[in-house]
1. Tally up the residues in the stretch 81-97 that are surrounded by fewer than 16 Cβ atoms within 10 Å (Cβ to Cβ) and among the charged types (D, E, K, R), please.
2. Search the stretch 220-243 for residues that are closer than 14 Å to Ala72 by Cα and touching a residue at least 60 places away in the same chain (Cβ under 8 Å) and pair each with any residue that is part of a loop (DSSP other than H, G, I, E, B) and not hydrophobic (A, V, I, L, M, F, W, C) when their beta-carbon atoms are under 6 Å apart and the residues are at least 6 apart or on different chains.
3. Give just the number: which of (1) in contact with a strand residue (DSSP E or B) (Cβ under 9 Å, 6 or more places away or on another chain); (2) exposed (fewer than 14 other Cβ atoms within 10 Å of the Cβ); (3) of a type in the set (Phe, Trp, Tyr) does Trp173 not satisfy?
4. Tell me which helices (runs of 4 or more DSSP H) are completely within the stretch 184-243 and hold 2 or more residues being over 19 Å from the mean Cα position of the chain (by Cα), or say none if there are none.
5. Every residue in the stretch 58-110 that is hydrophobic (A, V, I, L, M, F, W, C) and at positive phi, please.
6. May I ask you to verify whether Gly150 is surrounded by fewer than 21 Cβ atoms within 10 Å (Cβ to Cβ) and closer than 27 Å to Ala70 by Cα?
7. Within the stretch 121-137, how many residues turn out to be more than 9 Å from the chain's Cα centre (by Cα), in contact (Cβ under 8 Å) with a residue 60 or more places away in the chain and surrounded by 24 or more Cβ atoms within 10 Å (Cβ to Cβ)?
8. Do we find that Ile232 is among the hydrophobic types (A, V, I, L, M, F, W, C), touching a Cys at 6+ places or on another chain (Cβ under 8 Å) and modelled with pLDDT of 95 or more in this structure?
Amino acid sequence: MAGENATVETPLAKREVKTHTLTCKTDQSVKQVSVGLRDLVIFFIGGAGDQESYYLTGPNNNIGYVRDIAIADAKKLNVFNRCPSWALSYNAFISDEDLEKNVISRIPNCSTAVYIVGHSLGGWNGAHLSSILTDRGFKVKMLMTLDPVGEGKVVYGISNIYRREPKPKAEYWVNIRAAAVNWNFSDLVADFGEQWEVTQGPNVMGRVDINHADANLMFMQVLPTGKSARQIFNESILSYFRE
């Protein structure tokens, strides 16, 4: 696939046995959980017309291309079996029932490191998801928002998104704003939905000459820090497993 090569490091050293927090603060049930290796889960959240049709457009699977890159990197880094991931629609966790079914049921326990990568409306809702999970006692290790969209009042009326501006809660936040010089249709759509102009909060921010739809290119583009979101993502995962 085009783009930079992933940073491939030496395979993980001897695995250590770690203790887990067995229940989250909102879960009062008694559970028996085996103490074992560190857990990590990744949620890739697509925008409008990504995982499902959106007013006769899509599915386009833009976030799926990002997930494909991450899966290929995980295999090279020998952590694929320890990084289960799911691609979700931006509206797959709005109701309590869907939140439990599509997200919480897939997180083994409160010590599990949760990674959220959201694009477009999925970036907006994914940022909300980071705070929802954190408030419930889960550990959001990283939030990555790829050209998040959701500021427009019109988009509220036709899309199932949270109405207020997100207040993300994550240990590390990477935000990328697409600002293509040569616009295409996807940039017009993003303009209609109104991109979220993040001014403070992220650990890393970047503005890139990439069209809105190209989430995979945003993921691979080198940012002002000298690293791409892809490199930051992979290095975080490797560091987590080696702690």
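1. 2
2. From the stretch 220-243, the pairs are Met220/Gly3; Met220/Glu4; Gln231/Thr7; Asn234/Thr7.
3. The one condition Trp173 does not meet is (2).
4. Those helices (runs of 4 or more DSSP H) span 185-193.
5. none
6. Answer is no for this residue.
7. The number of residues fulfilling the criteria is 4.
8. no
The values are calculated or read from the model by the stated rules, or taken from the named source; none is laboratory data. Fair warning: this is a prediction, and the values are worked out from it, not measured in the lab. Because the Cβ atoms are built from the backbone with ideal geometry, glycine has one as well, and the counts that use them run over all protein chains shown.
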